[in-house]
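J.: One structure, pasted below without further comment.
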Amino acid sequence: MHFVTGGVFNGKSKWVKAYNQINEENSRWFTAYCHDDLPNSLDSFSQDMIVLEGIEQWVKELLNIYDETAVREKWQELLQQWQLWEKEKQGRKVILIGSDITKGIVPATLEERVWRDVTGRVFQDTAAASRRVELIWYGINQRLK
């Protein structure tokens, strides 16, 4: 897996598309920003590259269903499933993109603070599970792992 994070509107998607030479034939792109559902399974897709954009938004949606602990457990299960999917066939790759919402002013409401905290933990889990981690600021990448 490849995890890409950075600030909002800092060029993460553009960088991922260029770096991975993404096109409609070689990839399937899901984005929470366009209200795509987070796929529970990747087995039905013929493409070898799956891009999941908007992790922080999917975390927010999961928090409407589950408590903080259950969201993190659900995310860890998904990470394991995605790792297995990658290993089933050579050349498969899952790319996860998330905007960093953990910096700056502490949110005023409890719900927003919980969302920020859980997102930070999910990002930590995602970074730990990923072979490569990239930070994008102003369209420039910095490889962290």
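No lab work stands behind these numbers, since they all come straight from the coordinates. Source: prediction; values computed, not measured. Quick reminder, even Gly has a Cβ in these numbers, built from the backbone with ideal geometry, and neighbours come from all protein chains shown.
J.: Hey, what do the phi angles of the stretch 85-90 turn into as Karplus ³J(HN,Hα) couplings, whole Hz, using 6.51/-1.76/1.60 and θ = phi - 60°, x for Gly and Pro?
T.: Per residue, the Karplus-derived 3J(HN,Hα) values read 4, 4, 6, 5, 8, 4 Hz.
J.: Out of all DSSP beta bridges in the stretch 2-143, what portion is antiparallel? Express it as a percent rounded to 5.
T.: Bridges in the stretch 2-143 are about 15 percent antiparallel.
J.: If you don't mind, another one. How would you order 114-120, 62-68 from highest to lowest mean count of nearby Cβ atoms within 10 Å?
T.: Highest mean packing first, the order is 114-120, 62-68.
J.: Show which aspartates and glutamates lie in cross-link reach of LYS89 when reach means a straight Cα distance below 20 angstrom and same-chain residues fewer than eight apart are skipped.
T.: Output for LYS89: GLU24, GLU25, ASP43, ASP48, GLU77.
J.: Excluding VAL133 itself, what net charge comes from residues whose Cβ is under 9 Å from its Cβ, given Lys and Arg +1 and Asp and Glu -1?
T.: Surrounding charge for VAL133 is +3.
J.: For the chain, what does the helix formula give at 222 nm: sum of -39500 (n - 2.57) over DSSP H segments with n ≥ 4, over the residue count, nearest 500 deg cm²/dmol?
T.: -13500 deg cm²/dmol
J.: Rounded to a whole number of µm²/s, how large is the Stokes-Einstein D of the stretch 2-143 at 10 °C and 1.306 mPa s, given Rh as the Kirkwood radius over C-alpha pairs?
T.: Rounded to a whole number, D works out at 103 µm²/s.
J.: With point charges of +1 on the Cβ of Lys and Arg and -1 on the Cβ of Asp and Glu, referenced to the Cα centre of the chain, which listed residue (PHE30, ILE101, SER44) lies farthest in the positive direction of the dipole?
T.: ILE101
J.: Apply the Karplus curve 6.51 cos²θ - 1.76 cosθ + 1.60, θ = phi - 60°, to the phi angles in the stretch 111-123 and return the couplings in whole Hz, x for Gly and Pro.
T.: 4, 5, 5, 4, 4, 4, 5, 5, 4, x, 5, 4, 5
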